[in-house]
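The values are calculated or read from the model by the stated rules, or taken from the named source; none is laboratory data. For clarity, every value in this text was computed on a predicted model and none was experimentally measured. All Cβ positions, glycine included, derive from the backbone under ideal geometry; neighbour counts span all protein chains shown. Areas reflect the complete protein model, heavy atoms only, side chains present, ligands, DNA and RNA absent. Shrake-Rupley method; radii C 1.70, N 1.55, O 1.52, S 1.80 Å.
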Amino acid sequence: MASTPNLPPQWLGLLKWSLRHDDGTRDSKDVRPMIEEDRKFLENVMKTMVVDENEKMRVAISVLKMKELSDPKEGKQTDQKASESTGESEQTNDAKKKNDGGSQKNLAVAVVPTKESSNTGAVNILEGNKDIMDDLEALEEEEDKKSELIVKKEETIKMLDDIVMNGDNAINFVKMGGFTPLLDILQTPHQSLIQVACGLLASILQNNPFTQTAFLKEGGLTKLFKLFKNADGDKMTLGKALGAVSAAVRGSKSAEAAFKKAQGLPWLLKLLAVDSKSQTSKGARRVANKSLLLIQHFIDLDPSAKKLLIIYHAPKILLGRISDENLDTREMALTAVSSLVTGKSVDIERAKQSLISVGGLKLIESRIKVINNLITSGDEDDKEMYSVELEMLEGLHKTLSS
């Protein structure tokens with residue numbers, strides 16, 4: 001077996017057993033040594049079946065480290081200089097954009113059919129929904145700006161996401177220095193690349209003390225904060241960033257302490273304080289729900305966090321979310337606000353009086369009426385769906401009234 005030094009021990013053992021034993025389907029008198037051709041064929045099959053995931057991760061890290069020539073952050077050519085070096089002036093490029101429909105504004109107009117179009121109704125719906133049109137234009141602009149390297153990095157990160165689901169592989173990725181190029185990606189202007197990078201970070205950090213500790217030492221939490229603190233940023237990116245923050249923090253006492261010290265709780269509340277009726281996109285819902293989950297984690301984890309949240313007027317902000325369009329958001333908000341006003345302490349009494357002073361009881365009564373109407377006019381499925389929310393509302397009303 002000297003000819004197969006690169007095969008892992010488990011495959012070598014299987015190969016040796018296969019070469020030495022008969023499976024019982026033939027007469028033992030017919031058993032004979034494997035011919036060289038069959039031996040080589042079997043060795044080749046074994047080699048092709050073995051996947052060296054560590055090697056794949058090393059190659060992937062190399063791809064993540066690659067820099068674009070036109071990236072000004074790396075001290076390379078700017079787009080203007082690149083154009084000059086190819087003999088094209090800025091005016092020429094502008095002319096090309098106009099002729100080719102490169103302007104996003106022109107492109108948005110071009111896809112809207114005329115009044116005579118049979119799709120006028122659908123177009124009017126899109127035109128009347130600024131969020132949808134903005135999302136479509138932003139997506140198209142993002143795709144246009146992607147280079148071949150950006151696309152390759154996204155594919156590489158998605159491949160890594162599958163590999164690091166194995167906790168040992170996640171640890172090996174960190175030991176290979178994978179955090180550094182992955183965190184550098186968070187500074188790219190390409191939102192889709194940041195999103196997949198945050199998804200990979202969440203997979204690496206989830207319930208893994210080794211990677212969580214290494215991430216904190218690498219300054220990863222601080223770099224993520226720069227993304228999710230920006231409440232006006234891309235909502236899908238914010239949602240993914242919050243997912244990564246949650247994975248980094250949950251289960252790690254040092255990371256939880258660092259999160260609170262960095263004023264993470266007030267920033268979560270800031271993300272929730274926006275008008276929920278104007279934040280109806282999938283990304284906005286993800287931001288709200290991730291924020292609520294992380295807040296609830298700290299409420300359940302640490303009494304001092306509960307006191308801090310009351311000081312930061314969290315009950316008022318959370319109460320504003322009990323009328324949200326999304327059922328999950330409403331229930332999580334009710335759970336959180338109920339947790340904050342349940343118990344006996346000076347802070348809790350102040351929180352209760354604060355909610356009452358801003359019309360909290362009237363809002364809850366209004367919501368109870370709405371839910372009862374939905375249950376009365378609906379079927380058994382509606383009754384089952386809204387019964388938990390109704391019970392939570394009634395419980396919160398009782399708490400505030402007592």
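Quick one: how many Å² of Val346 are accessible to a 1.4 Å probe, rounded to 10?
About 100 Å², rounded to the nearest 10.
Between Glu148 and Asn54, what FRET efficiency follows from the Cβ-Cβ distance if R0 is 30 Å, with the result rounded to 0.05? Can you show the working numbers first?
Numbers: r = 26 Å, r/R0 = 0.88.
The computed FRET efficiency comes out at 0.70.
Using only the alpha carbons, work out the radius of gyration and Dmax of the stretch 345-402 in angstrom.
Radius of gyration, then largest Cα-Cα span, for the stretch 345-402: 13.5, 44 Å.
Say R0 is 22 Å: what FRET efficiency, to the nearest 0.05, do Lys261 and Thr342 get from their beta-carbon distance? Walk me through the numbers before you get to the answer.
On the way: r = 27 Å, r/R0 = 1.21.
Plugging the Cβ-Cβ distance into 1/(1 + (r/R0)^6) gives 0.25.
Roughly speaking, to the nearest percent, how much of the stretch 225-350's 1.4 Å accessible area is carbon and sulfur?
Numbers: 2910 of 5530 Å².
C and S fraction of accessible area: 53 percent.
When only DSSP loop residues count, what trypsin sites (Lys or Arg not before Pro) in the stretch 342-402 have their Cβ near at most 10 other Cβ atoms within 10 Å?
Numbers: sites: Lys344, Arg350, Lys352, Lys362, Arg367, Lys369, Lys383, Lys398; in loops: Lys344.
In loop regions of the stretch 342-402 (DSSP not H, G, I, E or B), the sparsely surrounded trypsin sites (Lys or Arg not before Pro) are Lys344.
Under a 1.4 angstrom probe, counting protein chains only, how are His313, His297 ranked by accessible area, largest first? Mind showing how you got there, number by number?
Values: His313 105, His297 35 Å².
Accessible-area ranking of His313, His297, largest first: His313, His297.
Keeping all protein chains in the complex and leaving out DNA, RNA and ligands, what accessible area do you get for Val63 with a 1.4 Å probe, in Å² to the nearest 10?
20 Å²
Put a dot 7 Å past each Cα toward the Cβ at Ile311 and Asn373; how far apart are the dots in nm?
So the two model labels end up 4.2 nm from each other.
Which ³J(HN,Hα) values, rounded to whole Hz and listed in residue order, are derived for the stretch 302-309 from phi using the Karplus coefficients 6.51, -1.76 and 1.60 in 6.51 cos²θ - 1.76 cosθ + 1.60 with θ = phi - 60°, glycine and proline given as x?
9, x, 5, 5, 4, 5, 4, 5
Please state the relative contact order of the stretch 327-402 as a whole percent: Cα pairs under 8 Å, 6+ residues apart?
Result for the stretch 327-402 is 40 percent.
Any chance you could look up the accessible area of Ser377 with a 1.4 Å probe, heavy atoms only, rounded to 10 Å²?
Near enough 100 Å² of accessible area.
Give me a comma-separated list of calculated 3J(HN,Hα) values for the stretch 259-265, in order, Karplus coefficients 6.51, -1.76, 1.60 applied at θ = phi - 60°, integers in Hz, x for any Gly or Pro.
Computed from phi, the couplings for the stretch 259-265 are 5, 5, 5, 7, 6, x, 5 Hz.
Go through the stretch 380-389 residue by residue and turn each phi into a ³J(HN,Hα) via Karplus (6.51, -1.76, 1.60, θ = phi - 60°); whole Hz please, and just put x for glycine and proline.
5, 5, 5, 4, 5, 5, 9, 5, 5, 4
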